[in-house]
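Okay, so here's the structure we're looking at.
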Number of protein chains: 2
Amino acid sequence: MQDTLNALKVRLGTISDLEQASSLLHYDQEAFMPMGASQARATQMATLSSVSHDLFVADEVGQWLEELRPLEQELGHDDNDASIIRVVRQDYERTRKLPTEYVARAAETYILANEQWRKARADSDFPLFLPWVRKCVDLAHEYAEYQGYEDHVYDALLDQFEPGMKTREVESIFTPLRDEITPLVQAVAASGIKIDTACLHGQFDPLAQRSLGNVLVSAYGFDVNRGRVDEVTHPFCTSMSRDDVRMGTRVSAQRINENLFSMLHECGHALYDQNIDSCFDRTSLSSGCSLGLHESQSRMWENLVGRSRPFWHWAYPMLQAYFPSFHAVGLDDFYKAINTVNPSFIRVEADEVTYNLHIMLRFELEKAMMEGQVDLAHLPQEWNDRMQTYLGVTPPNDRLGVLQDVHWSFGSLGYFPTYSLGNIISVQLWETCRQDLVDLDAQLARGEFAPLLAWMKERVHRHGRKHEPMELLRKITGAGIDAGPYVEYLKAKIHDVYGI
Amino acid sequence: MQDTLNALKVRLGTISDLEQASSLLHYDQEAFMPMGASQARATQMATLSSVSHDLFVADEVGQWLEELRPLEQELGHDDNDASIIRVVRQDYERTRKLPTEYVARAAETYILANEQWRKARADSDFPLFLPWVRKCVDLAHEYAEYQGYEDHVYDALLDQFEPGMKTREVESIFTPLRDEITPLVQAVAASGIKIDTACLHGQFDPLAQRSLGNVLVSAYGFDVNRGRVDEVTHPFCTSMSRDDVRMGTRVSAQRINENLFSMLHECGHALYDQNIDSCFDRTSLSSGCSLGLHESQSRMWENLVGRSRPFWHWAYPMLQAYFPSFHAVGLDDFYKAINTVNPSFIRVEADEVTYNLHIMLRFELEKAMMEGQVDLAHLPQEWNDRMQTYLGVTPPNDRLGVLQDVHWSFGSLGYFPTYSLGNIISVQLWETCRQDLVDLDAQLARGEFAPLLAWMKERVHRHGRKHEPMELLRKITGAGIDAGPYVEYLKAKIHDVYGI
């Protein structure tokens, strides 16, 4: 039995090494690769992915997983080896349900769809993208049929990113949340209060911004000996092993927000990846529990810490030292400027409050797309109508509207809800954490992040993919997912910033 | 038959993609990787190498290669597809001769030997490295026995790096070359002429150095859209495909030489790799013909161009613009400073004339090591004795002597001779090229490098590994390898610089 487990682990190690190499190819493409290499790089990545896929779906892997059932039982659900067997078996079964022909066809379609999306977005030309969004929706349907689902076709899509999460459950979370948030946004608008954000705009030396960013993420606990930061077009974080976690950030010389908060956000992802238990090294369990849980960490370090009063009590003198223009700005004014609520067109630039409305809009559209309830040719109008309803603004073109996100072009329908789930979970974890760390605000105000990180590491990070997300959340908080604390958090923030 | 060729090419494509991914992992390790990732990276690279090895030595590859013999015959020796079949069959046969157990054991030994070499060099502690150099020599013997050889055990080692080259042939080139060069070095020393090299030392802004380096390699014809340059500890060049060729360079703020000539040198390698015909993409033929031929290109762009009067006639005003201290230095004095002959301990810092004596010393020692003619425990003394005989200097410690090079620690016995072969070949190609480009000096003096690059591309680069090195040399020059032109070149340079 131990031999079989070893054989499985050797295979998982090979697959993991290939996937981590692929992560490096991807990171390098975003951060360093010369433009002329894109075709060769795409081919290399396709090859790595196909070789690792073949090694994973091989019959012997299924045999080993069957043979290991008694060992898994004997070890018990919480044992690490048992968890490896269990989680890998789930992955194996899901992957084996997909015909190789489908996997190859989908991969090829997404490459072309992504190319066309880039062109369509650049030219704000939705009709160019329309045939490809059709293909992507068709592929999503095929995927759902291969995987099967009980209640809703969208369940199969969600499950890729948030294992165990159901469409009805997301609806039951999102609908009341939308009903809470929309009036908040309206109340801010109705108040007529305009917060001065001029201090966030100006000329900020990019090297100084990078340097400050490095100081802040180091203070958070990012281990620079096991990671690095580079400039990229779209910020992201990726892991080439827990000992090599890299963040891509974006620096604007005119807007201090850009690099500052993308660093704090990506650092939240990076801290998760750096702190997964090494017992899961070279297995597929050495990554985040789900996209929602991962996002809970990035949003926590970006918002709950990084846009809080205590944090800036500590960090503001440093910001002033790097950028003397802030000597003329009071801490309270700065705090309000970084916490402004302001409906806008672009999701990734949205504030904490309106952000979720962007997500709900996408969730509703995706559901309707999968249900066949929306004519895909009318997506731009459907998008704009919802923008007007939820946010009171209408995008002037599709580049600032339905074409803004990359996700559909690589087939990631079902991904968006995890962003809001992450927001919700972040506050649930935060509130639980505060029960243990009663001194948390004071710690943050002293720049002491180690207790918070240690708490998250112990309860969240180290487990990797061992638990399903809702199982983990319940273990930590004693409750299921609940948007209540998140709404309270938003209300308190708006009260603090707008006095309403 | 075409189906078999396609099957072979698909397999070669997969292997090539894996190897190019591995090249990126290596490049990244030298240029970007955080220190803490070294163990994970070593494992990833070992996995990629083992997966591609397994795919290559598979029985079906041998069957395809056998089935393709009639097609190869029919297409003829110079056909590209026939060349792919022929060269891959040679690689296949060589690789299949090595038991998997040997390959794994050797790889593991070299990792440990390299670690111990690093420690030994840092502490100048040869006895620490001695057991590992023994293991590496033993592995080289095993390798030679697996491959077989007709005349000399060292032939099998040479053949890895310079296909077809024999020990006796290297001796017949090196012995007269040594007899020509040693008196040149002695004559320079006896002349009592000391060239002032003070202008090469000072304070040179590293960013300005990097910028000048980029300007120069772009002028040479390095396509920055299909490559890049980064700072590393030991300069090198590697190819992740002909569309992604990267150079690592080293910048010293105190010594202008360091970055300048390492850029020009690595650029020679890069130009070769960028200009291999795309018909060899994703095959093992998409690399240099041999290490000697590759080095002929790096040495040509570094020395025959980069240390020539015409080149500096063009480049010197630019150097002065970047580094105004050179306004106080005449072009003639600068030219002499970068062409000083000065015996020194370290090979990679040696001038054009003494460099080859460093190589010959290593060749003689390696031969003696393989013949069992030298007690390995006495290597430091043997090394130092030869340094005194050839160069008139004795290293004060083994760090500056026998421990300076990495090669033995990763089992690359047989590699060193290719450095001098490269020097020799560079001048043979250069003299042939001058017969076509009668205006070459004037072109260089105008900064026109395109005709020279086009000539090298047409005759050398585009062929990749299609031809054996001596076959290619004969095709181009009409003659075999001949150190005569190289000796004449050195004599002329010494006459120009020292007036002797």
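How large a share of the accessible area of segment B:104-213, in percent, is made up of carbon and sulfur atoms when the probe is 1.4 Å and the other protein chains stay in place? Don't skip to the end; give the middle numbers.
Working: 2920 of 5400 Å².
C and S fraction of accessible area: 54 percent.
With a Cα-only, solvent-free Debye model of segment A:248-395, what are the log10 I(q)/I(0) values at q = 0.09 Å⁻¹?
With no solvent term, the Cα-only Debye profile gives -0.42.
If I take every Cα pair under 8 Å that is 6 or more residues apart in chain B, average their sequence separation and divide by the length, what percent do I get for the relative contact order?
Relative contact order comes out at 20 percent.
Where both partners of a DSSP beta bridge lie in chain A, what percent of those bridges are antiparallel, to the nearest 5?
Roughly 50 percent of the beta bridges in chain A run antiparallel, per DSSP.
Provide a whole-number value for the mean count of partner chain Cβ atoms within 10 Å of the Cβ atoms in peptide A:41-51.
Other-chain Cβ atoms within 10 Å of each residue's Cβ, averaged: 5.
Return, for the Cα atoms of segment A:394-500, the radius of gyration and Dmax in Å, separated by a comma.
Over segment A:394-500's Cα set, Rg and Dmax evaluate to 17.6, 48 Å.
For segment B:17-104, calculate the relative contact order in percent as a whole number, restricting contacts to Cα pairs under 8 Å that are 6 or more residues apart.
Numbers: 34 pairs, mean separation 20.8, N = 88.
That works out to 24 percent.
Cα-Cα over 21 Å: which of A:LYS135/B:LYS9; A:LYS336/A:LYS493; B:LYS194/B:LYS493; A:LYS9/A:LYS466; A:LYS9/B:LYS119; B:LYS166/B:LYS491?
Going by Cα-Cα distance, A:LYS135/B:LYS9; A:LYS9/B:LYS119; B:LYS166/B:LYS491 fall outside the 21 Å limit.
Report the percentage of all Cα-Cα pairs in chain A whose separation exceeds 36 Å, rounded to a whole percent.
31
Mind listing which trypsin sites (Lys or Arg not before Pro) in segment A:187-239 are in a DSSP loop and have 15 or fewer other Cβ atoms within 10 Å?
Passing both the DSSP loop test and the Cβ count: A:LYS194.
Give me a comma-separated list of calculated 3J(HN,Hα) values for segment A:100-114, in order, Karplus coefficients 6.51, -1.76, 1.60 applied at θ = phi - 60°, integers in Hz, x for any Gly or Pro.
Going residue by residue, I get 4, 4, 5, 4, 5, 5, 5, 4, 5, 4, 5, 4, 5, 4, 5 Hz, with x marking Gly and Pro.
May I ask you to give the solvent-accessible area per residue for the protein assembly as shown, in square angstrom, as obtained with a 1.4 angstrom probe?
Roughly 39 Å² per residue, with all protein chains present.
Can you give the average number of partner chain beta-carbon atoms within 10 Å of each beta-carbon in peptide B:13-21, as a whole number?
What the average comes to for B:13-21 is 5.
Provide the per-residue ³J(HN,Hα) series for segment B:446-463, in order, calculated from phi with Karplus coefficients 6.51, -1.76, 1.60 and θ = phi - 60°, each as a whole number of Hz, with x at glycine and proline positions.
After applying 6.51 cos²θ - 1.76 cosθ + 1.60, I find 9, x, 9, 9, 4, x, 5, 4, 4, 4, 5, 4, 5, 8, 10, 4, 4, 6 Hz.
Within the P(r) computed for segment B:433-480, what percentage of the Cα pairs occupies the region above 15 Å?
Roughly 49 percent, once rounded to a whole number.
For chain A, what is the calculated [θ] at 222 nm in deg cm²/dmol (nearest 500), taking -39500 (n - 2.57) for each run of four or more DSSP H residues and dividing by its residue count?
Details: 21 runs with 317 residues, N = 500.
So the helix-based figure for chain A works out to -21000 deg cm²/dmol.
Given the Cα atoms of segment B:209-285, and with Rh set as the inverse mean 1/r over their pairs in the Kirkwood sense, what is Rg to Rh to two decimals?
Using only Cα positions, Rg/Rh for segment B:209-285 is 1.00.
In Å, what Rg and Dmax follow from the Cα atoms of segment A:6-121?
Looking at segment A:6-121, its Cα Rg and Dmax stand at 17.6, 55 Å.
What ³J(HN,Hα) values, in whole Hz, does the Karplus curve 6.51 cos²θ - 1.76 cosθ + 1.60 give for segment B:253-269 when θ = phi - 60°, with x put for Gly and Pro?
Going residue by residue, I get 5, 9, 10, 5, 3, 3, 6, 4, 7, 5, 5, 5, 5, 5, 4, x, 4 Hz, with x marking Gly and Pro.
Give me the dipole magnitude in Debye, nearest 20, for segment A:384-500 about the Cα centre, with unit charges on the beta carbon: positive for Lys and Arg, negative for Asp and Glu.
Details: 13 positive and 14 negative charges, 62 e Å.
Around 300 debye, computed over segment A:384-500.
For segment B:128-232, what mean projected area does the convex hull of the alpha carbons give, in nm²?
Values: hull surface 53.1 nm².
It is 13.3 nm².
Measuring label to label, 7 Å along Cα→Cβ, what does A:GLU101 give against each other copy in nm, shortest first?
Reported distances to equivalent positions: 4.5 nm.
Given that compact globular proteins tend to follow 2.2 N^0.38 Å, what is the ratio of the alpha-carbon Rg of the protein assembly as shown to that value?
1.06
With just the Cα atoms of segment B:90-132, tell me how far they stretch along each of the three principal axes, in Å, largest first.
Here the spans come out as 41, 18, 13 Å, largest first.
If you bin the C-alpha pair distances of segment A:254-313 every 5 Å from 0, what whole percents do you get?
Cα pair-distance distribution for segment A:254-313, in percent: 4, 18, 23, 20, 14, 10, 6, 3, 1.
Once amide H atoms are placed 1.01 Å from N in the peptide plane, what residues at a sequence separation of 5 or more from A:CYS237, or on another chain, have their amide H within under 5 Å of its amide H?
A:GLY248
What are the extents of the Cα atoms of segment B:54-179 along their three principal axes, listed from largest to smallest and rounded to whole Å?
Reported extents, whole Å, longest axis first: 58, 43, 24.
Quantify how much of the Cα-Cα distance distribution of segment A:1-70 extends past 15 Å, in percent.
Every Cα pair in segment A:1-70 considered, those over 15 Å come to 59 percent.
Please state the Cα pair-distance histogram of segment A:62-134 with 10 angstrom bins from zero: what percent is in each bin?
P(r) over segment A:62-134, rounded to whole percents: 18, 27, 17, 18, 15, 5.
Taking the alpha-carbon centroid of each part, what is the distance from segment B:153-169 to segment B:51-122 in angstrom?
17
Using amide H atoms built in the peptide plane, which far-off residues or other-chain residues are under 5 Å from B:VAL393 H to H?
Counting only residues 5 or more places away or on other chains, the set is B:GLN388.
Using a 1.4 Å probe on the protein chains only, how many percent of the accessible area of segment A:329-485 belongs to carbon and sulfur?
With neighbouring chains kept in place, the figure for segment A:329-485 is 45 percent.
What whole-number volume per residue, in cubic angstrom, does the convex hull of the C-alpha atoms of segment B:319-428 give?
Working: hull volume 16.5 nm³, N = 110.
In segment B:319-428, the Cα hull volume divided by residue count equals 150 Å³.
How far is B:GLN435 from the same spot in each other copy, in nm, shortest first, if each label point sits 7 Å from Cα toward Cβ?
Label-point separations across copies, in nm and ascending: 8.9.
Tell me, which residues of segment A:227-255 get at least 30 Å² less accessible area when the other protein chains come in, versus the chain alone (1.4 Å probe)?
Residues passing the criterion (a loss of at least 30 Å², heavy atoms only) are A:ARG228, A:ASP243, A:ASP244, A:ARG246.
Determine the distance separating the Cα centre of segment A:412-465 from the Cα centre of segment B:346-413; give it in Å without decimals.
59
Once A and B are treated as a pair rather than alone, how much accessible area drops out, both sides summed, in Å² to 100, probe 1.4 Å? Intermediate results must be reported in sequence, preceding the final value.
Working: alone 20650 and 20640 Å², together 38830 Å².
Counting both chains, the buried surface is close to 2500 Å².
Going by Cα centres, segment A:313-342 and segment A:184-201 are how many Å apart?
Taking the Cα centre of each part, segment A:313-342 and segment A:184-201 sit 17 Å apart.
The values are calculated or read from the model by the stated rules, or taken from the named source; none is laboratory data. For clarity, every value in this text was computed on a predicted model and none was experimentally measured. Note that we place each Cβ from the backbone using ideal geometry, even for glycine, and neighbour counts take in every protein chain shown. Ligands, DNA and RNA are excluded from the accessible area calculation, which covers all protein heavy atoms including side chains. Shrake-Rupley method; radii C 1.70, N 1.55, O 1.52, S 1.80 Å.
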